[in-house]
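Rule-based calculations on the coordinates, nothing more; no lab input. Not measured: the values here are computed from a predicted model. As a convention, Cβ positions derive from the backbone with ideal geometry for all residues, glycine included, and neighbour counts pool all protein chains shown.
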Amino acid sequence: MKKLLIGNEAAAWGLYHGGLGLVSSYPGTPSTEITEFLALHNDIHSEWAPNEKVAMEAAFGASLAGMRSVCAMKHVGLNVAADPLFTLSYTGVTGGMVICVADDPAMHSSQNEQDSRHYAIAAKVPMLEPSDSAEAYAFARSAFDLSEKYDTPVILRMCTRIAHSQCSVELGERENVPLKEYVKQPSKYIMMPAYAKQRHPIVEERTAALTAYAEDCPYNRAEYAAHSDIGIITSGCSYLYTKEVFGDTVSILKIGMPNPLPVRLIQEFASSVKKLYVIEELDPIIENHIRSLGISVKGKELFSAIGEFSQKTIREAFLSEGLLLQAPQPQGPSPSVPGRPPMMCAGCPHRGMFYTLVKNKISVLGDIGCYTLGAVAPLNALDSTLCMGASVSGLHGFNAARGKEAEKKTVAVIGDSTFMHSGMTGLVNIAYNATNSTVIILDNSITGMTGHQQNPTTGYNIKGDPAAKVDLEALCRALGIQRVRVVDPYDLKACEEAVLEELAVEEPSVIISRRPCVLLKYVKPKTPLAADPEKCRGCRKCMKLGCPAISFRNGKACIDATLCVGCGVCEQLCAFGAIGGRKEA
């Protein structure tokens, strides 16, 4: 059966057909859809875990029990899961285990563009890298066999373009893989020093065996051109760009298994051409390997280690080498496309709290989520954003460094899902090591930025079924915080009272700013507001909210009724009563 699939759905089908029994993940663009598509199958166990470390450990537990398992995450999520990853390399697996990681070159939705191939090299585990949806399906499916054959977890590396682009995929049937027998093996799975020392040589032997396998494995292939002295070694989406630019006019060695890299295969390919190039996004992993073999090659002299490549990138690089004719020029001027900077939605519950913080000139340590958009104009509310949970931990360090003056004028903001991910331990540190820090949990009752996934505070699991619901107020008190209060961020007066009162007290506190995301299906918008041009004085105070529903025309405020959800925050700001209920025609 053929289907047109994005890479993430193709990978999900490959994993499912490969005999997957359990998937545990934390959502993160561009990896999220892998788990969402797997959750549609009711004959496997699917779940959102609180964070990537927990997800990988759950997948390990299933593998230990003899089941084929998967965890999926974005590249920065692999940082969170690095602790179990490195030791999983030592323990190996029982049931096949696949770790799906999606890199984000050009940082479409990420705070960095790290190259996950480094993790495969450092942890000494094999990595597969598909170039399109068809390969995403094939590589994901076969990864379980590779995992079990070589007793190792296998990393499947996706990237934004492969994850979200489409091509035709030939789907097979699901493999029926019985649960393997569980046998207690202390020397294999208990990684205390005496046993770990025994496992390290096994890891090195496995790496040697996988390197030999890489020479003839189906993931790497050479495509020789009949009359060309040019050879290009490439991988991932760069392979497709290379094919679009050159077609069959140059020889190409496509690397589908970037770790471990072959030796003989590369040497043979290099010896067949006079000029050798490497095209790979981000870091020179393949290039450095080739140079270590004593082979002359050009790579990062022509291509940047920053951002994504494209057909244009490759064409321009080889034009400079004199290997391509001048590219055809576009006919006529390019159309002018207006910029669309990211912003919080009209009626976003975070806007009222951010306005309150900005109004009172409070420094704000931010976190990862849609509320990070509070950093942009006109709010400009955030002072920092580092990684998941860092706002809470960072607030403690900031206040410890700058003392009481900072404690009175600095807060952390963090979403409900992010708080469950890695904010809790930072709050424990605030309580235990005693800074008078105020943490604001922006509780919009969902994991917002990645597409409305459930989390432990929502009361529903990945399939939408009722589940245990974490009580944030009780949890914060259990973590050692005595002052916990809830406010509605649509009520600006209540927000200001809560913020100023909690900053004034001589003990740590938590404010839960609670209102569901306006995009949730069960949240019904109120009647849109309207601005009366006769009452409007043009003071532009309402524009300080940065609400996309509000604009200025002819010196007067104007509210777009198709965007406005009637939250009423702007109405509270207008001192002249110009904003109110929508007038009927």
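Write down, largest first, the equivalent ellipsoid semi-axes of region 529-581 in whole Å, where each equals the square root of 5 times an eigenvalue of the alpha-carbon gyration tensor.
Output for region 529-581: semi-axes of 14, 12, 11 Å.
Have a look at the DSSP beta bridges in region 2-214 and tell me what percent are antiparallel, nearest 5.
Looking only at bridges with both residues in region 2-214, the antiparallel portion is about 20 percent.
Under 15 Å from the Cβ of V273, count the other residues' Cβ atoms, weight Lys and Arg +1, Asp and Glu -1, and hand me the total.
Taking every Cβ under 15 Å from that of V273, the sum is -1.
Which value in nm describes the separation of the simple spin-label points at T562 and Y195, placed 7 Å from the Cα toward the beta carbon?
About 6.3 nm, to one decimal.
Please give the FRET efficiency for L519 paired with E205, using the beta carbon to beta carbon distance and R0 = 30 Å, rounded to the nearest 0.05.
Efficiency for this residue pair is about 0.05.
Over what distance in Å are the Cα centres of region 198-264 and region 418-471 separated?
That distance is 43 Å.
Among K184/K254; K361/K556; K74/K254, which pairs are too far apart, with a Cα-Cα distance over 32 Å?
Where the Cα-Cα span goes over 32 Å, the pairs concerned are K184/K254.
Of T211, Q185, C167, whose Cα points farthest to the positive end of the dipole of region 2-214 (charges on the beta-carbon: +1 Lys, Arg; -1 Asp, Glu; origin at the Cα centre)?
Q185
Assuming 0.36 nm per residue, please report the length gained on full extension of the stretch R402 to E507 beyond their Cα-Cα distance.
Extra length from R402 to E507 when fully extended: 36.2 nm.
Note the full-extension length gain between L302 and L171 as 0.36 nm times their separation in residues minus their Cα-Cα distance, in nm to one decimal.
Separation in residues times 0.36 nm, less the Cα-Cα distance, equals 43.3 nm.
Quick check: pseudo-label points 7 Å beyond the Cα along Cα→Cβ at A222 and H41, how many nm apart are they?
For A222 paired with H41, the spin-label model returns 3.7 nm.
Please sort 11-19, 498-506 by packing, taking for each peptide the average over its residues of neighbouring beta carbons within 10 angstrom, highest first.
In descending order of packing, they fall as 11-19, 498-506.
Please give the contour-minus-distance gain from K535 to E181: 0.36 nm per residue of separation, less the Cα-Cα distance, rounded to one decimal in nm.
119.8 nm
Report the antiparallel proportion of the DSSP beta bridges in the chain as a percent, rounded to a multiple of 5.
Of the beta bridges lying entirely in the chain, close to 25 percent run antiparallel.
Could you work out how far the C-alpha centroid of region 140-173 sits from that of region 1-59, in angstrom?
After rounding, the separation between the Cα centres reads 11 Å.
Sorted by mean Cβ packing within 10 Å, highest first, what order do the peptides 556-567, 289-300 take?
556-567, 289-300
At 222 nm, what helix-only mean residue ellipticity would the chain give, in deg cm²/dmol to the nearest 500, using -39500 (n - 2.57) for each DSSP H run of four or more?
-10000 deg cm²/dmol
Sort the following peptides by mean Cβ neighbour count (other Cβ atoms within 10 Å, averaged over residues), highest first: 348-354, 403-409, 485-491, 53-59.
So the order, starting with the most tightly packed, is 348-354, 53-59, 485-491, 403-409.
Relative contact order for region 194-267 using alpha-carbon pairs under 8 Å, separation at least 6, rounded to a whole percent?
40 percent
Over region 231-387, calculate the relative contact order: mean separation of alpha carbon pairs under 8 Å at least 6 apart, over the residue count, as a percent.
Reported relative contact order: 16 percent.
What is the sum of charges, Lys and Arg at +1 and Asp and Glu at -1, for the other residues whose Cβ falls under 11 Å from the Cβ of S187?
Neighbour charge sum, excluding S187 itself: +4.
Output wanted: per-residue J couplings in Hz (rounded whole) for region 72-79, from phi through Karplus 6.51 cos²θ - 1.76 cosθ + 1.60, θ = phi - 60°, x for Gly and Pro.
Calculated HN-Hα couplings, in order: 10, 6, 8, 4, 5, x, 5, 4 Hz.
Given a cut-off of under 8 Å on Cα pairs at least six residues apart, what relative contact order in percent is computed for region 2-214?
Relative contact order for region 2-214 comes out at 28 percent.
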